[in-house]
Amino acid sequence: MHITETDTLLFIGDSITDAGRDRADATSLGSGYVQEIARTLHDRAGDGAAPVVINRGINGNRVYDLEARWATDVIEHRPTVVSVKIGINDTWRRYDRGILSPVDEFEACLDRLLADTARSLSARLVVITPFLLPVTPEQEDWFEDLTPRTEAVLRAAAANGAHVVRADLALRRAAQTKAAAELARDGVHPSPLGHRIVADAWLAEMDSRLLGQQGEAQPDLD
C-alpha cells in the first residue's frame, strides 16, 4: 500500500491509540504511535501536502466499544485508510475484573467492523496486533487468553484483505535487547520508544511513500 498526500488515515482503538489525545480538539493525535506516524509522513512530504491523519482511540475500549461508535467515529469521516488496534483490553478485563470477551465473539465483532467498512467506504484496512510485554509474573498468564485472541485478529484481517502490522513481533524483537518496562512500563502501554517501534512497524508494512520519495522507517533502538 502506498500512502499519498490525498489519503485520509483514521486510527481507532484503545488507550494505546488514544495516547492522551485532547478530546476537545478534533485534530489532536495524542503523544503515541499515531502522532509518530503523522510526523514521519509530514517530514517525508517536505514542503508538499501530507495525508490527513485522524485519531479516534479511546482508552479502555474493547472491540464491542468500537462497534458502538463505529458509524460516527469511522464511517462519517470517509477515510481512505482505516487502522484498527484492539484486543488487549478484551484480555485484560478478564484478569482484573473477571469480564469475559469470548474469542469467537471478539473475532465475529472485529470481522463485522472490517467487512462493513470495506463495503461502506472501499477503504484500505490495516489491523495492528495486540501485544503484551510481561513485567510481572501474573501477566505471563494473560497469554492463555491473548494468544488465541491474536490469532483471531489475524484471521479477521485475512478474511477482509487487511494489511497486518505485527506490533507484537516488533516489540518482542526489541525486548531481546531492552527491558520490557523500558518498552512498556506496565507491560501494556508503550513508552515513547515503544510507540516509535509500533509506528515504524506500521510504516514499514504500509511501504509509505509520499510524492515518489523512497525509503522505509526502521526501528531506532538506541
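Annotations
- Cα-centre dipole for segment 1-122 with unit charges at Cβ (Lys and Arg positive, Asp and Glu negative), debye to 20: 140 debye
- Restricting segment 68-109 to trypsin sites (Lys or Arg not before Pro) that sit in a DSSP loop and have at most 15 other Cβ atoms within 10 Å of their own Cβ leaves Arg97.
- Span per principal axis, largest first, for the Cα atoms of segment 33-110 (Å): 51, 25, 18
- Taking 0.36 nm per residue of separation and subtracting the current Cα-Cα distance, fully stretching the chain between Arg155 and Ala181 would add 6.4 nm.
- Solvent-accessible area of Ile58 with every protein chain in place, 1.4 Å probe, in Å² to the nearest 10: 40 Å²
- Here segment 1-134 yields Rg over Rh of 0.98, to two decimals, using C-alpha coordinates and the Kirkwood radius.
- The chain, accessible area per residue, ligands and nucleic acids excluded (1.4 Å, Å²): 43 Å²
- Whole-percent P(r), segment 116-172, all Cα pairs, 10 Å bins from 0: 22, 43, 24, 10, 1.
- For the chain, carbon and sulfur atoms together expose 49% of the accessible surface, with a 1.4 angstrom probe and every protein chain in place.
The values are calculated or read from the model by the stated rules, or taken from the named source; none is laboratory data. Because the structure is predicted, anything quoted here is derived from the model rather than measured. Note: ideal-geometry Cβ built from the backbone for every residue, glycine included; neighbour counts use all protein chains shown. Keep in mind that these areas ignore ligands, DNA and RNA; they rest on the heavy atoms of the full protein, side chains included. Shrake-Rupley method; radii C 1.70, N 1.55, O 1.52, S 1.80 Å.
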